[in-house]
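Encoded as C-alpha cells, the structure appears first; notes follow it.
The values are calculated or read from the model by the stated rules, or taken from the named source; none is laboratory data. Please read these numbers as outputs of a predicted model, since none were measured by experiment. Reconstructed Cβ throughout: ideal geometry from the backbone, glycine too, with neighbour counts over all protein chains shown.
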Amino acid sequence: MHMSDALVSAPIALGADAIAATLLAISIRKIYRQERLSIPLMGVLGAFVFAAQMINFAIPGTGSSGHIIGGILLSSMLGAWGGFFTLCSVIVLQCLLFADGGLLALGCNALNMAAFSCLVAYPLIFKPLYRADCSTLKLFSASILANIAAFLMGAIAVTLETTLSGVSALPLGRMLLFMLPIHFVIGICEGVATALVILFVRRRDPELFLHDQRQSSPRRTIEAFAIAAFIIAASFTLVASSAPDGLEWSIENVLQGELPSPTSELHTSAELILQKTAIIPDYNTFLAGIIGCAILIFATWLISLLSKRVRGDESQS
Amino acid sequence: MSRSLDKILFELEQVAQGHSSGLASTIDPRARTLVAIIFLFGLLSISLNDIGRIAIWALPLIFLALLCRVNYLSLLSRSLIVLPFVALIGLFDILHEREVVATLLGIRITQGWIMALAIMLRAIISVQAILLLILSTGINPICRALQGLGLPSLFVLQLMMVYRFLIIMIRQLQELMRAADSRSAAKSHYPLSLWAHLVGELLLRAVGRAKVINQAMKARLWDGRVPIFNDKSCWRWRETIFMILSITGIALMRYINLK
C-alpha cells in the first residue's frame, strides 16, 4: 500500500505531510512525557517490524503469500502514539533505503498505514476489546476487527488521495469498489497474523503487552462511532447520487419502465400511514442523514436503558 | 529467501555511508536533500498528458548518476520495485479512459494508456531521484541533513536506531530461517503457525536486545535526553551556487516547452 510520489499531486502531498507532521509532533510530545523513556525499545521494535515484513506466510487456499504490517502489534506494545511514532520511522526508512513509497508522499503513507491503524483502530477497536487475560477467541476478534477497520480506512484514504490528485480517471465510487474488497481480505489476513504473534508472545512473556493497563471504556468507542456516523451522514448526503438504487434500476430494466403502484386497499392504507409518518420523504434534504442518525442513536440508547432496567429488576428479585 | 536477505544486507551496507567519491559528494547533504525535494515537486506539477515532458526529467538524473559515480543501470533496476502498485492505479485509467487520441502502426492508443504510462514513468523517475540522493549521500548524512532542516532530534535518533538495529535483526532473522529451513524443505513462504513462531521468536529476541541496550545506555549515564549531532559543517558559497544552478535547471525544465 506504499504510495509513490507519482500517485499524488503536490498540493495533496503537502496537505498530507502537514497533517502527518502535526501528528508526529504530538507523538513526540507524548513520548517525552512518559516517565520511562522507551527509545531503545522503539528503535529495536522498528527494526523488528522492518525485518518481520521480509518473512512471508502462505495464505491458505489462495496460493499467494503476505506479510505483517505491524501497526496494531506495535501499538499493543508501545501504546497508540509510540506505535505511530515507530511505524512512521519504518515508513521513512523504507522510502530512503528501498525507495518503497515516495519522499513527498511520506505524509500520505504515514496517514494511510500508521495513523489509521495506531491512532484510530487501536484505541477505538482493539484496546476496548482486548485484555491481557482475554480468551483466544476475543483476541482474534479484536485483532481482525481492528485490522479490517485500519485497512479499509487506509484504502479509502488512498482512493481519495489519488482521485483528488487527478491521477486516477476512475470515479471515486468505482475505485472504492475495486479497492475495498481487496483490503478487506488483507485486513483479515493481517488480523489473524497479528493475533497469532500476540498469542505466541503472550504465552512466553505476558508482561510485554501490559504497558497500558488503563482499559479504555467502550463509551469512548461509541462516542467516536457516533461522531463518525454524523460526519458521514452530513457529508455524503451532499454528494449522494440521485440515480435509482441497484434494486430499482434492475426492476426498471426488467419491466422497461417504473413498477406500477399496487391498488389494493391494504397497500393504499399502508401508503397513507407512511405519508403521515415519513418526516423526510425520499431523503429530500441534506439533514436527512443527520436526523436519521440522531433518531437511531436515541432509539438504541432507549432500548439499552430499558434492557438494563429489566436486568436490574431481575437481579433484585 | 536467505539469498534475498543477503541481497538486502548488501544494499543496506551499500547505503551505510553512500558513495563519497565524485564531485557532488563535496556538497552539503542539506543542499542535496532540498534540491531533491524541489526536483520532486517540479516533476509532480507536470500534467499526466505531457508524457514527453515527464521523460525529459530522467536526463538530469542520468547526468547526476555519472557525476556521483553511481551505476545508472542498477538505479533503474532498483526503481522498478515501485511498479506493481502504480500499475494497478494505471490500470484503472486504461479501463476508464477509452478515448482514442492517436494511432501508431495501426494500433489505437487511448487516453488511458497515455495516462498509465505517464504515471509509471513519473513513479520510476521519482524513485530514481530518491535512490540517487541516498546512494550518493548515505543514510547518516541524510539524517544529519533532515535534522538540520528541522526534523525533531528524537525522530532522527529513532531513524538511526532503526537503521542500526535493522542489520542486527536481519542477521537474527537469517539464523531463525536457516534453522526453520533445515527442518523443512526450504520454502519461499511458511504456513501460518510456523510463521507466527518465527515472528514471535524474532520479537522476543528484539525485546531482549532492547533491554540490554537500555541497560548499556543507562550504564553510560544516559538520562533520556536525545544527543544532538555535533555537526561542524556549515553552509558555504558552493552550496548556494549549487542550489541556484539546480533550481534554475528545474525551473527551465518545468516552464520551457520545446514543442
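Does region A:191-198 include one or more residues that are surrounded by 19 or more Cβ atoms within 10 Å (Cβ to Cβ) and more than 30 Å from B:L202 (Cβ to Cβ)? No: region A:191-198 contains no residue that is surrounded by 19 or more Cβ atoms within 10 Å (Cβ to Cβ) and more than 30 Å from B:L202 (Cβ to Cβ).
Scan region B:104-115 and tell me whether some residue there is touching a strand residue (DSSP E or B) at 6+ places or on another chain (Cβ under 7 Å), surrounded by 14 or more Cβ atoms within 10 Å (Cβ to Cβ), within 14 Å of another protein chain (Cβ to nearest Cβ) and hydrophobic (A, V, I, L, M, F, W, C). Yes: region B:104-115 contains one or more residues that are touching a strand residue (DSSP E or B) at 6+ places or on another chain (Cβ under 7 Å), surrounded by 14 or more Cβ atoms within 10 Å (Cβ to Cβ), within 14 Å of another protein chain (Cβ to nearest Cβ) and hydrophobic (A, V, I, L, M, F, W, C). Applying the selection to region B:82-93, what residues are more than 19 Å from the chain's Cα centre (by Cα) and buried (at least 19 other Cβ atoms within 10 Å of the Cβ)? Passing the criteria: B:I89, B:G90, B:F92, B:D93.
Is it true that A:L164 is more than 10 Å from chain B (Cβ to nearest Cβ) and either surrounded by fewer than 20 Cβ atoms within 10 Å (Cβ to Cβ) or of a type in the set (A, V, I, L, M) (or both)? In short, yes. Scanning region B:60-73 turns up no residue that is modelled with pLDDT of 80 or more and within 12 Å of chain A (Cβ to nearest Cβ).
Residue-wise test of (1) under 24 Å from B:Q128 (Cα atoms); (2) assigned to a helix (DSSP H, G or I).
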position	(1), (2)
A:S89	yes, yes
A:G101	yes, no
A:C108	yes, yes
A:L119	no, yes
A:P128	no, yes
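Here A:G173 meets each of (1) part of a helix (DSSP H, G or I); (2) surrounded by 20 or more Cβ atoms within 10 Å (Cβ to Cβ) with one exception, condition (2). Check A:I12, A:I19 and return the single one that is touching a helix residue (DSSP H, G or I) at 6+ places or on another chain (Cβ under 8 Å), surrounded by fewer than 16 Cβ atoms within 10 Å (Cβ to Cβ), modelled with pLDDT of 90 or more and more than 29 Å from B:I170 (Cα to Cα). Result of the check over A:I12, A:I19: A:I19. Test A:F57 against the stated conditions and say whether it is farther than 30 Å from B:L40 by Cα, within 12 Å of another protein chain (Cβ to nearest Cβ) and surrounded by fewer than 24 Cβ atoms within 10 Å (Cβ to Cβ). Answer is yes for this residue. Among (1) part of a helix (DSSP H, G or I); (2) closer than 30 Å to B:A87 by Cα; (3) hydroxyl-bearing (S, T, Y), which single condition is A:S143 missing? Status for A:S143: all satisfied but (2). Do the conditions hold for B:S126, that is, is it of a type in the set (S, T, Y), touching a residue at least 12 places away in the same chain (Cβ under 8 Å), assigned to a helix (DSSP H, G or I) and within 9 Å of chain A (Cβ to nearest Cβ)? So B:S126 passes the test. Residues that are within 7 Å of chain A (Cβ to nearest Cβ) and not in a loop (DSSP other than H, G, I, E, B) were ranked within region B:142-156; the one that is nearest to the chain's Cα centre (by Cα) is B:I142.
Let's see how each residue does on (1) outside the structural domain of B:I54 (by TED's automatic domain parsing); (2) in contact (Cβ under 8 Å) with a residue 40 or more places away in the chain; (3) outside any helix (DSSP H, G or I):
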residue	(1), (2), (3)
B:V70	no, yes, yes
B:R78	no, yes, no
B:L83	no, yes, no
B:I94	no, no, no
B:R98	no, no, yes
B:A118	no, yes, no
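Each residue in region A:76-115 was checked for being surrounded by fewer than 24 Cβ atoms within 10 Å (Cβ to Cβ), under 22 Å from B:I139 (Cβ atoms) and not hydrophobic (A, V, I, L, M, F, W, C), and 2 pass.
A Cβ distance below 6 Å, combined with a sequence gap of six or more or placement on separate chains, defines the contacts here; from region B:209-224, residues that are modelled with pLDDT of 80 or more reach residues that are assigned to a helix (DSSP H, G or I) and of a type outside the set (A, V, I, L, M) in the pairs B:A210/A:P40; B:I213/A:P40.
Could you list, in sequence order, all residues of region A:139-177 that are modelled with pLDDT of 90 or more, of a type outside the set (S, T, N, Q) and over 26 Å from A:I19 (Cα atoms)? Across region A:139-177, the qualifying residues are A:L139, A:F140, A:A142, A:I144.
For A:A110, are the conditions met, namely being within 15 Å of A:A13 (Cβ to Cβ), touching a helix residue (DSSP H, G or I) at 6+ places or on another chain (Cβ under 8 Å) and within 12 Å of chain B (Cβ to nearest Cβ)? Yes; evaluated as a whole, the condition is true for this residue. Taken over region B:158-193, the residue count meeting the criterion of being in contact with a strand residue (DSSP E or B) (Cβ under 8 Å, 6 or more places away or on another chain) and either crowded, with 19+ Cβ neighbours inside 10 Å or assigned to a helix (DSSP H, G or I) (or both) is 3.
Selection of first residues in region A:296-313 that are in contact (Cβ under 8 Å) with a residue 12 or more places away in the chain and of second residues that are of a type in the set (G, A, S), restricted to Cβ pairs under 6 Å at least 6 apart or on distinct chains, gives the following pairs, ordered by first then second residue: A:I297/A:A226.
Residues that are buried (at least 18 other Cβ atoms within 10 Å of the Cβ), touching a Lys or Arg at 6+ places or on another chain (Cβ under 9 Å) and of a type outside the set (D, E) do occur in region A:145-157, at least one of them.
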